[in-house]
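Enquirer: I'd like to ask you about the structure that follows.
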Amino acid sequence: MKRERSKKYFWLQRLRILTQVIFFLLFFLLFLQTHYPGEDYLKVTVERFFHFDPLLLAATAIASRTIYAALLLSLITLAATLLLGRFVCGWLCPLGAVHQFFSFIFKRSRLLRPGKEDRASLAPKYLILLVVLAAALLSVNLVGYLDPLSFLYRSFAVFISPLLNLGLVQSGNLAYALGLKSLGQAASQAAGNLAFNGLFQNALLIGALFLLAILLNVRKERFWCRYLCPAGALLGLFSRFNLFKLKIDPDRCINCHLCSIHCQTNARPYPAGEWRSSECVYCETCAAICPTAAISFPLRWQPEKMRGVDLDRRRVLLTSLTGLVLAPIFKISPLRRRSNPGLIRPPGALAEPEFLNRCLKCGECTKVCPTNALHPALAEAGPEGVWTPVLVPRIGYCEYYCSLCTQVCPTGAIRELTIEEKVTVKIGTAWVDKTRCLPYALGKPCIVCEEHCPVSPKAIQLIKVDTLTPDGVVATNLAPFVNVDTCIGCGICENKCVVMDLPAIRVSSIGEHRSSHNRLVLPAAEDQNQLKP
Amino acid sequence: MERRDFLKNLIVGGLALKFSTPVFSQPAGPELTVVEGESPEAITREAVKALGGMSRFISRGDKVLIKPNIGWDRTPEMAACTNPDVVAALVAMSLESGAKEVVVMDHTINQPKRCYARSGIQEAARAAGARVLFTDEQRLKKMALKGEWLKEWEVFQDFVEADKIINVPIAKVHSLSRVTLGLKNWLGAIGGNRNQLHQKIDQAVVDLGAFFKPTLTVLDAYRILVRNGPQGGRVSDTRLQKTVVAGMDPVAVDAYGATFFELKPQELPFLKLAQSRGLGKFELEKVRIEKRAV
């Protein structure tokens, strides 16, 4: 018998790789586009990838009991998967492409040596999916932690973006040092135009998890996709027809195991009849690698049975119960009663419970923020709110005429606002610390906070203040006085305050419009009906 | 021409100029020009023309740096940043006078890209032929300012390396220095913790003014900010003045600018300080002013 690999599947495999590269680049391009474009409104729907993720539709719909219209696009993904199986994982998913790439690298460098037979259970991802959905039933939205798009985008926004920025700045630095002025200039102008945010709290943690996810590929090819990905699990459950079915020609098969060894997701192309259609991502590796071209994927109409993944009723029930029992733990937090003063949400953020039900922690808003003001929370928002966006005025402030973060939220956790609407939204209130403020505490002139206040008339007004100094002289200076009714909590005062360590004017979340209880001053009777959460 | 002849002519001519009666010499031109009109571009051109034309300030091959106020994320009708047409006119005139390169740059207060875009300056100046560049932290260098208060500070090298600098502030009110005009505009040429300068703002702007000596100062008072300075926020915070003031004496330009706000120059401590430092004259009655309308 002539030994020859299949040309057709070789080219199909190349096409798959090309598609992966294209979709990853598309993802990255949209990531780069997620910045201030020089106009008030983004023309590109930079968060589009998320809308095609059915896991996000399911989890946020269950958790928030509402359906966000844009996410209905994911029904296309679902319908395609129903007919064709998990090709989205193998061909389109950008995180899948990242894992595939590193698996390939690790295999080439012999760090990863897949064995002939791998009996490890592929069930964990289904169980993770069950926990996520069960928790969503109790309005605890955990989907963003392991959803592949949220995971990848967050890692890029918080970890890769500062590295890219650093790379640009440092290469500019190097160019200047070498006397290449125009190159240095080009680097700095590119940095200014791309507006990468360079600093993030928790960047190390998020970056470490991203690197860990990549390193797991040393243990098993596409470790994430095999064992962890809840989106892949959902698609696996929906891959019913698998119109293109794996077929091994018994006359040609030489039982070499190559197909099984190199199957990216351990879908068992060999032996015949063992193929786990719900695990197959149609990477075409098996068909391309087969030395005798024994493997093919002919079109056949019968529905497939899910097999090989141990999802018996007891396990499913137990896991769902675990999810239901675990979920309330996330709710045991004093933040349910008293707001955290440091939890300043982006303008347009829904009231906290609804916000948490929808937020994916994806990092779109943190990426687009032009002043680096939005950061992934650690403890500020309680156990449910880890990595949700929080505004940290000391690092960046909310730019008055900017509503970009409200334009990019994939699930509407941040309501889309026009610039005109945005400038009316109060996200907190500034407070003067008279023990640190220069005119109050030192009797020295300083009006920096007032100067920067973007509201007209200014929410920081100036009053004359007398300070008795130790030598008996009374120093009279203009000093800030915050008008709590007009202050919107943008935080530029705190950001620009000359007291660098602990600013003498600080914003806390009190008075934020989105909350009905985190209020300070009850407005006049006629204004009360205008309160909008 | 022989070298000997050339030197002889030079000496004779020089002596003639020095000792001739005023009849033979050119009548002294204005030190300050104030031009009013409907078009920001036209009044800018006329103001520079009345001073003797841009070729008096810019030589062929010069690298010119134009420093507008692009400090805020505000559109032109808010009068927080310099009028883009005024900047564009200066760019065009500099290039017409043979400038090799014109760079427009400011160290902004709000996010740079937003300020450059929404002020309209980036687009207008680029269309006129300038390179509009963001300031680059890598180009900051601590320099001896040798001021009364500011001994040294971080300065963007672009401002030091340029052959000619044109300062193009906008006239605005300010709660501490009362007005912000040309001298205070130099806060946009430096880095560091600029907000500390407010602790002695008058001394700081004079120290900066003494360090950055502009070839020309052109004050944009087309639409001035009269309330809620220095960034306004509403059109009602502004007033149409439709004027441009130009001069080589930065103190005289600022002194004239103060009059738009119903202030007498002697009421502004930084002008007095600037005069005593020898930066120029604030007593407008001693300044040759030419007013025109276009």
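Each reported figure results from applying straightforward, stated rules to the coordinates on display, with no laboratory input. Quantities reported herein were computed from a predicted structural model and do not represent experimental measurements. Cβ: placed from backbone, ideal geometry, glycine included. Neighbour counts: every protein chain shown.
Enquirer: How high is the relative contact order of segment A:207-310, in percent, counting Cα pairs under 8 Å that sit 6 or more residues apart? The partial results should precede the final answer.
Expert: Details: 132 pairs, mean separation 32.9, N = 104.
Once normalised by length, the contact order is 32 percent.
Enquirer: Here's a follow-up. Going through segment B:226-280, which trypsin sites (Lys or Arg not before Pro) have at most 13 other Cβ atoms within 10 Å and a DSSP loop state?
Expert: Working: sites: B:Arg227, B:Arg234, B:Arg239, B:Lys242, B:Lys272, B:Arg277; in loops: B:Arg227, B:Arg234, B:Arg277.
Listed in order of number, the matching sites are B:Arg234.
Enquirer: Which FRET efficiency, nearest 0.05, do A:Asp466 and B:Ser55 yield, Cβ-Cβ r, R0 51 Å? Numbers along the way, then the final one.
Expert: Working: r = 56 Å, r/R0 = 1.09.
Calculated transfer efficiency: 0.35.
Enquirer: Just the ratio, please: alpha-carbon radius of gyration of segment A:225-313 over 2.2 N^0.38 Å, N its number of residues. Intermediate results must be reported in sequence, preceding the final value.
Expert: On the way: Rg = 12.9 Å, N = 89, 2.2 N^0.38 = 12.1 Å.
Working it through for segment A:225-313, the quotient is 1.07.
Enquirer: Hey, what did chain A get for relative contact order, percent, Cα under 8 Å, at least 6 apart?
Expert: Numbers: 1046 pairs, mean separation 90.5, N = 533.
Contact order relative to length: 17 percent.
Enquirer: Under a cut-off of 19 Å between alpha-carbon atoms, report the lysines in cross-link reach of A:Lys305, not counting same-chain residues fewer than 8 places apart.
Expert: Straight-line reach from A:Lys305, under 19 Å: A:Lys125, A:Lys245, A:Lys247.
Enquirer: Straight distance only, please: which lysines reach the Cα of B:Lys141 with their own Cα at less than 16 Å, same-chain residues fewer than 8 apart left out?
Expert: B:Lys141 reaches A:Lys181, B:Lys151.
Enquirer: Only sites in a loop by DSSP and with at most 14 other Cβ atoms within 10 Å count here; which trypsin sites (Lys or Arg not before Pro) in segment A:50-135 make the cut? Please report the intermediate quantities before stating the final value.
Expert: Working: sites: A:Arg65, A:Arg86, A:Lys107, A:Arg108, A:Arg110, A:Lys116, A:Arg119, A:Lys125; in loops: A:Arg65, A:Arg86, A:Arg110, A:Lys116, A:Arg119.
Answer by residue number: A:Arg65, A:Arg110, A:Lys116, A:Arg119.
Enquirer: Another question about this same structure. At most 15 other C-beta atoms within 10 Å and a DSSP loop state: those are the exposed chymotrypsin sites (Phe, Trp or Tyr not before Pro) I care about. Give me the longest piece of chain B that has none. Working shown, then result.
Expert: Values: sites that count: B:Phe24, B:Trp149.
Looking at chain B, B:150-294 is the longest stretch - no exposed chymotrypsin sites (Phe, Trp or Tyr not before Pro) with at most 15 other Cβ atoms within 10 Å.
Enquirer: So, one more: Read phi for every residue in segment A:19-34 and hand back ³J(HN,Hα) as whole Hz from Karplus 6.51 cos²θ - 1.76 cosθ + 1.60, θ = phi - 60°, with x for Gly and Pro.
Expert: 4, 4, 4, 4, 5, 5, 5, 4, 4, 5, 4, 5, 4, 5, 6, 7
Enquirer: Looking at segment B:109-149, which trypsin sites (Lys or Arg not before Pro) are in a loop (DSSP not H, G, I, E or B) and have at most 13 other Cβ atoms within 10 Å?
Expert: Numbers: sites: B:Lys113, B:Arg114, B:Arg118, B:Arg126, B:Arg131, B:Arg139, B:Lys141, B:Lys142, B:Lys146; in loops: B:Lys146.
Sparse-neighbourhood loop trypsin sites (Lys or Arg not before Pro): B:Lys146.
Enquirer: Here's a follow-up. Sequence neighbours fewer than 8 away in the same chain don't count; with that in mind, list the aspartates and glutamates whose C-alpha is under 18 Å from A:Lys331.
Expert: Here the aspartates and glutamates satisfying the reach criterion relative to A:Lys331 are A:Glu352, A:Glu354, A:Glu380, A:Glu384.
Enquirer: What does the helix-only formula give at 222 nm for the protein assembly as shown: each DSSP H stretch with n ≥ 4 adding -39500 (n - 2.57), the total divided by the residues, and the result rounded to the nearest 500 deg cm²/dmol? Walk me through the numbers on the way to the answer.
Expert: Details: 30 runs with 291 residues, N = 827.
Value at 222 nm, helices only, nearest 500: -10000 deg cm²/dmol.
Enquirer: Can you tell me the mean projection area, over all orientations, of the convex hull of segment A:425-533's alpha carbons? Units nm², please. Intermediate results must be reported in sequence, preceding the final value.
Expert: Working: hull surface 30.1 nm².
Answer in nm², one decimal: 7.5.
Enquirer: Could I ask something else about it? Exposed loop GluC sites (Glu not before Pro) only (DSSP loop, at most 13 other Cβ atoms within 10 Å): please give the longest stretch of chain A free of them, not including the sites. The partial results should precede the final answer.
Expert: Details: sites that count: A:Glu4, A:Glu39, A:Glu117.
With a cap of 13 other Cβ atoms within 10 Å, the longest stretch comes to A:118-533.
Enquirer: When you look at the Cβ of every residue in B:132-143, what mean number of other chain Cβ atoms sits within 10 Å?
Expert: Details: counts 1, 4, 7, 2, 11, 5, 13, 6, 0, 0, 0, 0.
Whole-number average of other-chain Cβ neighbours for B:132-143 is 4.
Enquirer: Further, regarding this structure: Post the alpha-carbon centroid distance, segment A:251-292 to segment B:78-115, in whole angstrom.
Expert: First find each Cα centre; the distance between them is then 64 Å.
Enquirer: Here is a further query. Hey, what do the phi angles of segment B:279-294 turn into as Karplus ³J(HN,Hα) couplings, whole Hz, using 6.51/-1.76/1.60 and θ = phi - 60°, x for Gly and Pro?
Expert: 7, x, 10, 9, 7, 5, 5, 9, 9, 7, 10, 10, 10, 9, 10, 10
Enquirer: Could you tell me what fraction of 2.2 N^0.38 Å the Cα radius of gyration of segment A:327-454 comes to, as a two-decimal ratio? Spell out each step's value before the answer.
Expert: Numbers: Rg = 16.3 Å, N = 128, 2.2 N^0.38 = 13.9 Å.
Ratio of Cα Rg to 2.2 N^0.38 Å: 1.17.
Enquirer: Quick one: compute the contact order of segment B:74-208, relative version, from alpha carbon pairs under 8 angstrom and 6+ residues apart, as a percent.
Expert: Result for segment B:74-208 is 23 percent.
Enquirer: Another question, then. Taking 25 Å as the cut-off for C-alpha to C-alpha distance, list the pairs among B:Lys146/B:Lys281; A:Lys496/B:Lys164; A:Lys496/B:Lys213; A:Lys422/A:Lys458; A:Lys464/B:Lys281 that go past it. Don't jump to the answer; show the numbers that get you there.
Expert: Details: B:Lys146/B:Lys281 21 Å; A:Lys496/B:Lys164 32 Å; A:Lys496/B:Lys213 28 Å; A:Lys422/A:Lys458 17 Å; A:Lys464/B:Lys281 32 Å.
Over 25 Å Cα-Cα: A:Lys496/B:Lys164; A:Lys496/B:Lys213; A:Lys464/B:Lys281.
Enquirer: Hey, can you grab everything whose amide H is under 5 Å from the amide H of A:Cys409? Only 5+ residues off in sequence or another chain; H modelled, so Pro and N-termini drop out.
Expert: Here the answer is none, since no amide H 5 or more places off falls under 5 Å of that of A:Cys409.
Enquirer: Here's something else I'd like to know. For the protein assembly as shown, evaluate the Debye formula with one uniform point scatterer on each Cα (no solvent term) and list log10 I(q)/I(0) at q = 0.06 Å⁻¹, rounded to two decimals.
Expert: The computed values of log10 I(q)/I(0) come out as -0.51.
Enquirer: Amide H neighbours of A:Ile505 under 5 Å, at least 5 residues apart or on other chains, H built in the peptide plane: list them.
Expert: A:Asp433
Enquirer: Where does the longest stretch of chain A lie that holds no chymotrypsin sites (Phe, Trp or Tyr not before Pro) found in a DSSP loop with 15 or fewer other Cβ atoms within 10 Å?
Expert: On the way: sites that count: A:Tyr41, A:Trp301.
Free of exposed loop sites, the longest segment is A:42-300.
Enquirer: Additional query: To check you understand DSSP bridge types, tell me what percent of the beta bridges within the protein assembly as shown (both residues inside) are antiparallel, rounded to 5.
Expert: On the way: 42 of 62 bridges.
Here the antiparallel bridges make up roughly 70 percent for the protein assembly as shown.
Enquirer: While we're here: Mind jotting down the distance between the C-alpha centroids of segment B:165-224 and segment A:101-121, whole Å?
Expert: With segment A:101-121 and segment B:165-224 each reduced to a Cα centre, they are spaced 64 Å.
Enquirer: Same structure, new question: Among rounded, prolate and oblate, which fits segment B:29-293 when a ≥ b ≥ c are the square roots of the eigenvalues of its C-alpha gyration tensor, a/c under 1.5 means rounded, and a/b larger than b/c means prolate?
Expert: Numbers: a/c = 1.13, a/b = 1.02, b/c = 1.10.
Verdict is rounded for segment B:29-293.
Enquirer: Could you line up B:Leu145, A:Leu374 from fewest to most neighbouring Cβ atoms inside 10 Å?
Expert: Details: B:Leu145 19, A:Leu374 29.
Going from least to most buried by this count: B:Leu145, A:Leu374.
Enquirer: Let me ask something additional. Return the long-range amide H neighbours of B:His174 (sequence gap of 5 or more, or a different chain), with a cut-off of under 5 Å between placed amide H atoms.
Expert: B:Val179, B:Thr180
Enquirer: May I pose another question? Which net charge results for the neighbourhood of A:Arg65, defined as the other residues with beta-carbon distances under 14 angstrom from its beta-carbon, given Lys and Arg at +1 and Asp and Glu at -1? Working shown, then result.
Expert: Values: positive: A:Arg358; negative: A:Glu354.
Once positives and negatives cancel, what remains is 0.
Enquirer: Report, in whole Å, the centroid distance computed from the Cα atoms of segment B:231-294 and segment A:380-428.
Expert: The two parts, judged by their Cα centres, are 42 Å apart.
Enquirer: Out of B:Gly29, B:Gly209, B:Gly247, any idea which swings most in a Gaussian network model of chain B, alpha carbons joined below 10 Å?
Expert: Sorting by GNM fluctuation, first place goes to B:Gly29.
Enquirer: When a/c reaches 1.5 or more, the comparison of a/b and b/c decides; with that in mind, is segment A:4-80 rounded, prolate or oblate per its Cα gyration tensor?
Expert: Cα axes put segment A:4-80 in the oblate bin.
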